[in-house]
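One structure is given here, and the rest of the page talks about it.
Only the coordinates and a few stated rules stand behind these numbers; no lab work does. All values derive from a computational prediction rather than experimental measurement. Please note: Cβ atoms are built from the backbone with ideal geometry, for glycine as well, and neighbour counts cover all protein chains shown.
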Amino acid sequence: MNNADSNFLVKKERVIILLLLLLALIIRIGIIIKIEEPIDKDALEYYSIAKNVIEKHIFSIDGVSPTSRRSPGYPMFLALFITLFGSNPTYIYIVQAFVNILTIYLIYLSLKILKTKSAVCIIITALFVIDTSFVYVNVLYAEIVTMLIITILLYISVNRTVSEKKYTQSILQGTCVGVLILLRPTFLYLPIFIIVCIIICHLFKLDIRAKESVIVSIVAILTILPWSIRNRIVFDQWIPLVNAGGSELWQANLEIENLTVWYSVTNIEKYEQQRTESAALQSQLRSEYRQLYNLNTDIELNQFLKQKAKEIILAHPFRYTLLCFNRFLIFWFSPPIGSATLNSVSSLIFVFFLSLKYWMTILGIFGLWRYARLDFSGAFVVVTIVAYATVLHSATHAIQRYFLPVIPLVYFGLGYFLNSLKIKTSDIYNKNRNI
């Protein structure tokens, strides 16, 4: 890129970014209007809880009995916007579209803080605009909001003004981690994981701000404390297992007792077929266990499933290792959403987009690694989240949309990698001119 092109992008960068964000909004609203997605069981439960919170002032799915089946974060988000804009799901979808746009914009701002070149910022914003995450805008899933919270946490981590006030930064990061837990209970063990990582880093004498990271974990626990107190009062447990999410995810390991699973990441039809078979098997086993062991409540069932999963893992270590590797590939390298349509149109187009996604993901991971090497202490919480999500979903359960919360971090890493690459290319160009 010559200097004239570079100067043009610098001068027009804000206009180009604004146009890209406007395009992103048009795409998402177009999908909301043109494509009608059915409200599935998970989404319907979120929606029902939100309406019951507003109408009956009770956190309940059926409007009668309090529930611990869903965490409060996303239902309360829905309740807020139902109060403001009405209960029509289309209005909520449009709000989620704006949430997704804000996520993209915060990634752009995070890259600008690190003095990323205009061309790279524009490329990353354009890629994020056309990313498959927009497909989930017209469904009631917590992932869109989760992506925003993780992006806010990233922005807090890279913001120099905030980072100068280390305790303030730690409190803000801890609050974000607490909100993540309230949005998706799979993050429940993240504060403990952070503490474990601190200990490991200390053993290997890695330079991190241990005190501030401990504060992050403490603040996260304090953030979820009101919800835990409610669970203690209502269900006589600080965090009911059905709400913890992690215990439910362990039941995905039950399948290895009955069959050896090899999920094909690129073969979409086989991937979906095996997912269906796995879900049917888990449902069958749950019913059998309820009757056989007289498990009357969800909490009793989940306690049993957790113990049963441990027994199966110990009995089949090779199958479990294989399944963990498969889940790792599913989490990081599932085909893009809509790939079945692409494959039916043209296998070449499918391979192109699949390869593009894989390369972007790999370079994004490499970029995060480079960023962590530059400032490991400052990047510690962000890197911990990536490691935690990878370990958790590899060990328990992984499907395509579970990767969504990590997508903003991947794009940030990709931008950081491309920017460092551009700097090296520029250095070579300048040296050649001097010669």
Quiz item: Which of Gly63, Ile27, Asn7 sits farthest toward the positive end of the charge dipole of the range 1-160, with +1 on the Cβ of Lys and Arg and -1 on the Cβ of Asp and Glu?
Solution: Asn7
Self-check item: Residues His397, His316, sorted so that the one with the fewest Cβ neighbours within 10 Å comes first
Solution: His316, His397
Exercise. Scan the chain and report its longest stretch carrying no GluC sites (Glu not before Pro) that are both in a DSSP loop and have at most 16 other Cβ atoms within 10 Å.
Key: 165-435
Quiz prompt | Of Val410, Val351, Ala43, farthest towards positive along the dipole that unit charges on Lys, Arg, Asp, Glu beta carbons give the chain | solution = Val410
Quiz item: How many angstrom separate the Cα center of the range 184-244 from the Cα center of the range 367-408?
Solution: 17 Å
Exercise. Once you've got the Cα coordinates, tell me which of Lys270/Lys310; Lys270/Lys306; Lys34/Lys56; Lys117/Lys165; Lys166/Lys205; Lys51/Lys357 are over 30 Å apart.
Key: Lys34/Lys56; Lys51/Lys357
Quiz item: Taking the alpha carbon gyration tensor of the range 84-150, what are the square roots of 5 times its eigenvalues, largest first, to the nearest whole Å?
Solution: 26, 11, 9
Exercise. Give, rounded to the nearest 20 debye, the magnitude of the charge dipole that the chain has about its Cα centre when Lys and Arg contribute +1 at Cβ and Asp and Glu contribute -1 at Cβ.
Key: 1540 debye
